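Data first, discussion second: the structure below is written as structure tokens.
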Amino acid sequence: MLFRQAQIEDLEAIWQIILYAKETMRQRGSEQWQDGYPFRETIEQDIAHHYAYVVEESGEIVAYAAISGDGEPTYQKIEGAWLSDDPYIVGHRIAVSERGKGKGLASYIIQQAEEIALVRGFHSLRADTNYDNLAMKHILEKEGFVYCGIIQVRDGKREAFQKILK
């Protein structure tokens, strides 16, 4: 398995994973990602800003995530409290392909984000998800994230989580 920064040449494979994730969430009854977001342009911007990462298995891209240390404006106001106000790495748009399902790739991505954070001098990870995205909430809790409260994003409220790294 290879975890690497995505390139523009990876866009179509990433986009197919995003479409699969949207459909999977729809089938599970989740409202998240059902209004068009993330858009193809969102992924293009992730790649351009060097936030985009992929997991490759046998030469095939099987998972995607955006990982950034540039902060997240929607995290400035929270109904609740963050564990720490120190700078943090944020993980967004974690998505796994059909072929990658059931292999723990979302957890693997989070573990890689932790490594990125520590190498860059960050000691905190943050993430958010929709109240009905039970799969992601389970993964975040399994990986040691703590529920911190509710944030407001463009299309509604999200549950916010944080993990302090040692």
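Could you tell me which of the residues 40, 93 is charged (D, E, K, R) and buried (at least 17 other Cβ atoms within 10 Å of the Cβ)? Write out each step before concluding.
On the way: 40 fails: buried (at least 17 other Cβ atoms within 10 Å of the Cβ).
Answer to the selection: 93.
Report the residue count in segment 1-28 for those that are within 17 Å of residue 106 (Cα to Cα) and in a loop (DSSP other than H, G, I, E, B).
Total meeting the criteria: 2.
Which ones in segment 65-89 are crowded, with 22+ Cβ neighbours inside 10 Å and not small (Gly, Ala, Ser)?
Once the filter is applied, which keeps residues that are crowded, with 22+ Cβ neighbours inside 10 Å and not small (Gly, Ala, Ser), segment 65-89 yields 67, 88, 89.
Take residue 5 and decide whether it is of a type in the set (S, T, N, Q), buried (at least 17 other Cβ atoms within 10 Å of the Cβ) and farther than 26 Å from residue 152 by Cα.
Numbers: of a type in the set (S, T, N, Q): yes; buried (at least 17 other Cβ atoms within 10 Å of the Cβ): no; farther than 26 Å from residue 152 by Cα: yes.
Taking the combined requirement at face value, the residue does not satisfy it.
Looking at segment 9-23, which of the residues that are without any contact (Cβ under 8 Å) to a residue 40 or more places away in the chain, within 18 Å of residue 60 (Cβ to Cβ) and not acidic (Asp, Glu) is surrounded by the fewest Cβ atoms within 10 Å (Cβ to Cβ)?
Start the filter on segment 9-23 by keeping residues that are without any contact (Cβ under 8 Å) to a residue 40 or more places away in the chain, which leaves 9, 11-12, 15, 19, 22-23.
Remaining after also requiring within 18 Å of residue 60 (Cβ to Cβ): 9, 11-12, 15, 19.
Narrowing further to those that are not acidic (Asp, Glu): 11, 15, 19.
Values: 11: 16, 15: 16, 19: 13.
So the residue we want is 19.
No value in this document is a laboratory result; all are computed from the given coordinates. Quantities reported herein were computed from a predicted structural model and do not represent experimental measurements. Don't worry about glycine lacking a Cβ; one is built from the backbone with ideal geometry, like all the others, and counts go over all protein chains shown.
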